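Student: Can you keep this structure in mind? I'll have questions shortly.
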Amino acid sequence: MKHLLNTPFISLAALCLTLISALPSYGFRQVDLKTCQQVQGAKYYQACIRLMEMASLPPKVLATANFGVGSHYYWKKQYKKAIPYFNKVIELYPVHPWAYIRKGRSFSALKQYKKAISIFNQGINYHPQPRPEAFYNRGYAFAMVGEYDKAIEDLSRYIKFKPKDSLARHHRGYALYKKGNFRSAITDFSSSLRYNPNASQIYQHRADAFYNLGEYPKAISDYSAALNFKPKNPLYLYKRGMSFRHAGNLNKSIQDCTAAQSINPYYISAYYCLAQAYVRRFF
């Protein structure tokens, strides 16, 4: 038992089993132990928390249990339920880095990016050597609120630790793109695709960068690659149609924009694409 309690972030199941075996010394009621043994998921962890509180276990052990419940809800995407448990972890054991990260990510998932940034700041400022993941997640949140320079700085810091992380390079590429640095964005998108060649959105974003540089054949190639994964995506069809128009292939432009309009009759941009193609064809 002492060995388990000296471990910072122990296996909750192992601790509960140890508590169960230590019944005489802790005096738990049998019904409490059966609850801890039988229920699953968050209820299992909640039962363990109750047992641990009865046993007056150290704060870091209770923090582990609360982290288990919060993580259970987090992975089920029930973020509003997860956040109070991460709050409890931070209250009990403020040096738990993943409590800040998952609490911040929960707020990001709820699109409360400024709140998420505040949480990541707390975790980063608390630790002399913060987890690289804290910078990744704060960088993503910065990008979502339009603070692209800060996003690039944080994501670059993370990429030094995880150079093959496709998502990090994609997010940094997106921030560079939004700043108008299309060449650097293409470099990041290309690196991202090297590590994850099956992501349609990365092809779309790289195509957008080529389009803004006037490199329409390359844009068409990447939009086509994106359409291989999502052939009925009206956005990809519209953008490829616009690229065909600029490249002078009006028949294919009309074909793509007509397809986009048929998939989504309310897609105003597709009508604009068609109008522009017909104007160029006949005038």
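Student: Given the Cα-Cα distance of residue 111 and residue 264 and 0.36 nm per residue of separation, how much length would full extension add, in nm? Show your work: numbers first, answer last.
Tutor: Working: separation 153, 0.36 × 153 = 55.08 nm, distance 2.62 nm.
Contour length minus the Cα-Cα distance gives 52.5 nm.
Student: Then there's this: How would you order 65-72, 262-269 from highest to lowest mean count of nearby Cβ atoms within 10 Å? Display every interim value, and only then the final one.
Tutor: Numbers: 65-72: 24.0, 262-269: 13.2.
By packing density, highest mean first, the sequence is 65-72, 262-269.
Student: Between the range 210-283 and the range 123-190, what is the C-alpha centre distance in whole Å?
Tutor: Distance between centres, Cα-based: 30 Å.
Student: Let me ask another. Which distance in nm do the two modelled labels at residue 251 and residue 178 give, with both placed 7 Å along the Cα-to-Cβ direction?
Tutor: Result for the modelled spin labels: 4.1 nm.
Student: Can you tell which of 184, 200, 223 lies farthest toward the positive end of the dipole of the range 158-236, using +1 and -1 charges on the Cβ of basic and acidic side chains (Lys, Arg; Asp, Glu)?
Tutor: 184
Student: Counting other Cβ atoms within 10 Å of each Cβ, which trypsin sites (Lys or Arg not before Pro) in the range 187-283 have at most 13 and sit in a DSSP loop?
Tutor: Numbers: sites: 194, 206, 218, 232, 239, 240, 245, 252, 280, 281; in loops: 232.
Hits after loop and neighbour filter: 232.
Student: Excluding residues fewer than 8 places away in the same chain, name every one of the lysines whose C-alpha is closer than 17 Å to that of residue 232.
Tutor: Leaving aside lysines fewer than 8 places away in the same chain, those within reach of residue 232 are 252.
Student: A further question follows. To the nearest 0.05, what FRET efficiency results for residue 271 and residue 229 with a Förster distance of 22 Å applied to their C-beta separation?
Tutor: Working: r = 25 Å, r/R0 = 1.16.
Given R0 = 22 Å and the Cβ-Cβ separation, E is 0.30.
Student: Moving on to the next point. State the percent of C-alpha pairs, over all pairs in the range 239-283, separated by a distance greater than 11 angstrom.
Tutor: Result for the distance tail: 55 percent.
Student: Hey, what do the phi angles of the range 257-270 turn into as Karplus ³J(HN,Hα) couplings, whole Hz, using 6.51/-1.76/1.60 and θ = phi - 60°, x for Gly and Pro?
Tutor: 6, 5, 5, 4, 5, 6, 6, 9, x, 9, 7, 4, 4, 5
Student: Could you size up the charge dipole of the range 158-283 around its Cα centre, putting +1 on the beta carbon of Lys and Arg and -1 on that of Asp and Glu, and report it in debye to the nearest 20? Don't jump to the answer; show the numbers that get you there.
Tutor: Values: 19 positive and 6 negative charges, 57 e Å.
Dipole size: approximately 280 debye.
Each value in this text was obtained by applying a stated rule to the coordinates, not by laboratory testing. This one's a predicted model, so the numbers in the text were calculated from it and none came from an experiment. Note: ideal-geometry Cβ built from the backbone for every residue, glycine included; neighbour counts use all protein chains shown.
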